[in-house]
Structure formats: structure tokens, C-alpha cells
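Read the figures in this text as sums done on the coordinates, not as results from a lab. Everything quoted here is computed from the prediction, not taken from an experiment. All Cβ positions, glycine included, derive from the backbone under ideal geometry; neighbour counts span all protein chains shown.
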Amino acid sequence: MSTTRVLLQSAITLAAAIAATAAQAQDESTTLSGKMFADFSDISLKNDGVSQPSSGYGIDVKRFYFGVLHSFDKTWAVNLTTDFNYVGNDGETNLFVKKAYVQAKVSDALIGRLGAADTPWVPFVEDIYGYRYVELEIIDRLKFGTSSDWGLSAAGKTMGGGLNYAFSVINGGGYKNPTRSSTMDAEGRIGWSPIKGFMLAAGFYNGKLGKDIDGSVTPAVHTAERYTALAAYSKGGFKVALEWFSADNWNQVTTVATDKADGYSLWAIYDFSPKYGVFARADDANLSKTLNPALEDKYYNLGFAIHARKNVDFSIVYKNEKVDGGTWNTSNGVIGGVVSGGKFEEIGLWAQVVF
């Protein structure tokens, strides 16, 4: 073989390798993202008629997510999302991992994730609601669920997006508590859009909430169960939805007693122009139907939205929450009392920035 031919073949091989490397490099990409929820408000919280320390004026940064998504190709990707928050009445800041997973996307109908990732129900409802920066959806607000957990999940959509699903096997302790236990929890959701703008969804949860720990002095004796349903309709700038949940033994996994809870959340949103809108929401929950049937949470909010520009939103909001028949730890603090119950009121300005 002549020297010229050897050199030519070597050049072709090198060119092919460079082209393959360039093509592979083009498939790889890194995306940075962020989301901030902040508010300036006046809070009034009275339990049994006594004003609580969390009352008063202040500024909160309830959430600041910063995410890095690196795609190796059309199938493989890895995500890390951190979460920072500062709440004035806590007097401290916290930084922790919200998501950390490796992803394999086989198709739109099958996306698998391993690590800390979205749970099937809460983020799904938050996306439909659109006002997570003002308030958590009902099961997250009342602590009957969480938005992220450590585990293995599969999700997807088919039929032109008309059918969607998500299923996860998770630790059960939430994204802040990745401890091991003797069993894994299961959570799932299926959603169906029979016509454009209309969504029906149902979900379930079953497990020990990460409390089935070998050698624990408080072993798990019950299984927590939760069932959820959602009906939502949107057209133009109008949206209305009803969410319902029922939970068994959610706070009784390690106790002898059993209990039940249920509730609903109804909200309506109307953007009467690209820049402005109004919204309202009402929640009602029976928090302890077996052990303390009088324990009830009632919540509502009213708001005026200003869509300042793409990815920048403000809302002027009034919130009202009342807990009777005892106390409950909600996203707005511990509310309630043994005499006259507890009442939470908040009015102020809320902001969301997405990038």
C-alpha cells in the first residue's frame, strides 16, 4: 500500500472521528433556570384570641429555585435543582436539594427518573393552578403530601397529549429526608383530557411515609393512604377547577389510633386582559374525622394579578384561614386553639419571577 493511500485513509478516518465528535457535542446542552417566590405582607395570627409572634409586617422569599439541566443526548439527561427560602418569622435561611435525578427519555410516552424528582400529584396540580407563588395546593398546604421525593419514577403522555400518567416508588419522607426504611411507598396519577381545555385526573398514595425503620422505638403500625381527584376547565383567560382528597392514617403511621381526613379546594381565575386578572379560591377540610371530628380548616383567598411581562407576575392578595376544634400545622403556621380556635389573615403583595 502506497504512502499516499495510507495518508488518505488516515485523513478520512480522522475526519469521520471529528465529525462524530462534533455531532455528539451538538447533542449535548446545558440549561440554567430559576424561579423566585417573594412577598411583602402584613400577617395577623391569633390562637384562642392571643396574637402570635409571626404577626406583623415583613418580607419573605418563600422559594428561590436554581436548576441545572444537562442533556447528553435526546435520551439521557441529569438535573440538579436547589431550593432556598427565607421566612421572616423563622429568622433563618435554608438551602437544600429539591431535585437531583438522572433521566432516560425513551419517548414522550415513557420518561424514567432516578433520584429526587417531582411526585405525581402536587406539581401536576400546581401547573394547572398557576398561583403556587401565592399559596400551595391543598394537600401540600395541609401537609398531606409533598412535591418531591427520592425514588424511581416513570411518567409520560400519549394520544396526542390527551392521556397522561405518572407513577413513583419513593422513600416516603419527602425531599428533605432521604433516609432508608424497610418498605417503599407508591404514588400514582392518571389524567385524561376528553376535549380541549378540560382535564380529569385521579391519584393515589400508599405507604409508611418513610417511618418503617428497622430498630425504631416507634415502629410503623399503619399504612398511610390518600386518594385525590381533579376536574379543571380552561378557555381563553378563564379557568375553574375543583380538587378533592381523602386520607387515612396520614398522621397515625406510628400510633395505635386510626384516623381519616378529607377536603376540597375550589378555585377560579379570570385574566380579562393580557396584563391583568383576578382570582379566588376556597378550601374546606375535615382534618380528623375519627379522633376529633370538630377539627376543621377553612381557607380562602382573593387576588388581583398583574402580569408585568413574560415570566414576571405580581398579585395583590388577601388570605383568610381559620382552624376550629384544635390546632393544625399548615403552610401558614400552627393555627387553632382549644377555646375559640385560631384565625390567620394576611394581606400584601406577592411576586413570581421565572428565568
For the chain, with +1 on Lys and Arg beta carbons and -1 on Asp and Glu, the positive-most of ALA77, LEU209, GLY34 along the dipole: ALA77
Per-residue Cβ contact counts at 10 Å, fewest first, order ILE128, ILE43 as ILE128, ILE43
If one compares the long axis through the Cα atoms of helix 3-27 with the longest principal axis of the Cα atoms of the chain, the angle in degrees, nearest 10, works out at 10
Surrounding net charge for TRP328, when Lys and Arg each add one and Asp and Glu each subtract one, Cβ distance under 11 Å: -1
Springs between alpha-carbon atoms under 10 Å, Gaussian network over the chain: tell me which of ILE195, ILE111, ILE213 tops the mean-square fluctuations. ILE195
Longer than 20 Å from Cα to Cα, which of LYS105/LYS208; LYS35/LYS62; LYS35/LYS343 are they? Say none if no pair is. LYS105/LYS208; LYS35/LYS343
With a cut-off of 8 Å between alpha carbons and a minimum separation of six or more residues, what is the relative contact order of segment 104-228 in percent? 20
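Normalise the Cα radius of gyration of segment 217-355 by 2.2 N^0.38 Å (N = residues in it) and let me know the number.
Here the answer is 1.27, to two decimals.
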Each residue of segment 204-213 in order: what ³J(HN,Hα) in whole Hz does its phi give by Karplus 6.51 cos²θ - 1.76 cosθ + 1.60, θ = phi - 60°, with x for Gly and Pro? 8, 9, 8, x, 9, 6, x, 9, 8, 9
Relative contact order, percent, of segment 29-354 when contacts are C-alpha pairs under 8 Å separated by at least 6 residues? 14
For the chain, what is the calculated [θ] at 222 nm in deg cm²/dmol (nearest 500), taking -39500 (n - 2.57) for each run of four or more DSSP H residues and dividing by its residue count? -3500 deg cm²/dmol
Taking amide hydrogens as modeled 1.01 Å from N in the peptide plane, which residues meet the under 5 Å criterion relative to LEU142, leaving out close sequence neighbours? none
By average C-beta atoms within 10 angstrom, highest first, the peptides 140-146, 79-85: 140-146, 79-85
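In Å, the Kirkwood hydrodynamic radius of segment 95-203 over pairs of distinct alpha carbons? Could you put the intermediate results ahead of the total?
On the way: mean 1/r = 0.0683 Å⁻¹.
It works out to 14.6 Å.
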Treat every Asp and Glu Cβ in the chain as -1 and every Lys and Arg Cβ as +1, leave all other atoms uncharged, and give the resulting dipole magnitude about the Cα centre to the nearest 20 debye. 960
Specify, per residue and in Å³, the volume enclosed by the convex hull of the alpha carbon atoms belonging to segment 244-284. 76
Provide the net charge surrounding THR82, with neighbours chosen by a C-beta distance below 13 Å and charges set as Lys +1, Arg +1, Asp -1, Glu -1. +4
At a 10 Å Cβ-Cβ cut-off, how would you order HIS222, HIS307, HIS70, fewest neighbours first? HIS70, HIS307, HIS222
Using amide H atoms built in the peptide plane, which far-off residues or other-chain residues are under 5 Å from GLU137 H to H? none
Segment 31-139, relative contact order [Cα under 8 Å, separation at least 6], %: 18
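Place the peptides 171-180, 251-260 in order of packing, highest mean first, counting for every residue the other Cβ atoms within 10 Å and averaging per peptide.
Highest to lowest by the protection proxy: 171-180, 251-260.
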Compactness of the chain, expressed as Rg and Dmax over alpha-carbon positions, Å: 24.1, 100
Mind listing the long-range amide H neighbours of ALA109? Cut-off is under 5 Å, sequence gap 5 or more, other chains count too, H placed in the peptide plane at 1.01 Å from N. LYS157
In order over segment 138-146: 3J(HN,Hα) from phi, Karplus 6.51/-1.76/1.60, θ = phi - 60°, whole Hz, x for each Gly or Pro, gives 4, 6, 6, 4, 9, 6, 9, x, 9
